[in-house]
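The values are calculated or read from the model by the stated rules, or taken from the named source; none is laboratory data. Just so it is clear, the model here is predicted, and its values are computed rather than measured. Reconstructed Cβ throughout: ideal geometry from the backbone, glycine too, with neighbour counts over all protein chains shown.
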Amino acid sequence: MRFCIIGLGTFGTHLARHLIRDGHEVIGVDNDPAHTDAMKDEVEFLLTADCSDINVFQDIPVADCDAVILAVGKDFEAALSIAANVQQVGAKRIISRIINPLHARLLKLLKIDELLIPEAMAAAWLARSLKTPDVRNSFAVGRGHEIVEVNVPNALIGKTLQEADLRGRYDLNLVTVLKHKAVTCVSSAVPTLDKIIGVPLPDRPFETGDVLLLFGTEKSVRRLLDDHASE
């Protein structure tokens, strides 16, 4: 897929790196030459330009992108102008960072509804990881349900999926088992994936280092971890 990221500050830079790592094509645009220069060895298509000027979009194939991400983080007026310009030149999908509540309201008036606050997302992830250290990552799917990565409890190591009976005891479905590379920093909320075990077989014993990808409610996940906290 092809994505255009406008704004290559901290958030835009990390997003670009994640998308490139996953095999996607990224177009990076920023009005600060220092930001584009810092990404010259990572992003193939880079442009130093002020996107509040609609004329610069003659050089940016926005209409050919699967999504345009507006990652401008400070300049309120510029962010609104850029959003209006991207919409005018025919972007298929627009995802915008929110600078403040007024920015969010005005974006909604422009019919741009995919809004995000990276700091709030990072804070929510950190709060969850501090509250439940064995939860490595989670994705809420609504009505209290989530898909969550959990370090295998020590008490389950050596037991099979059938013996653990996660569905019967905790109403949790094991989607797969993951192996992650060691994390050496906290610059990313997404650990580097090393291996996916595949569809878990009932007779496969859990191993040290397994990360369980579970589907269920946050309450059920907490009960699983609480039950084995002292074991």
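For (1) assigned by TED's automatic domain parsing to the domain that holds LEU15; (2) within 15 Å of GLY73 (Cα to Cα), each residue gets a yes or a no:
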| site | (1), (2) |
| --- | --- |
| ARG93 | yes, no |
| ARG97 | yes, yes |
| HIS103 | yes, yes |
| LEU109 | yes, no |
| THR132 | no, no |
| VAL135 | no, no |
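Taking strands (runs of 3 or more DSSP E) as the structural unit, those lying wholly within segment 154-231 and holding at least 2 residues that are modelled with pLDDT of 90 or more and surrounded by 12 or more Cβ atoms within 10 Å (Cβ to Cβ) correspond to 173-180, 211-217. Residues that are exposed (fewer than 13 other Cβ atoms within 10 Å of the Cβ) and hydrophobic (A, V, I, L, M, F, W, C) were ranked within segment 15-71; the one that is nearest to MET1 (Cα to Cα) is ALA63.
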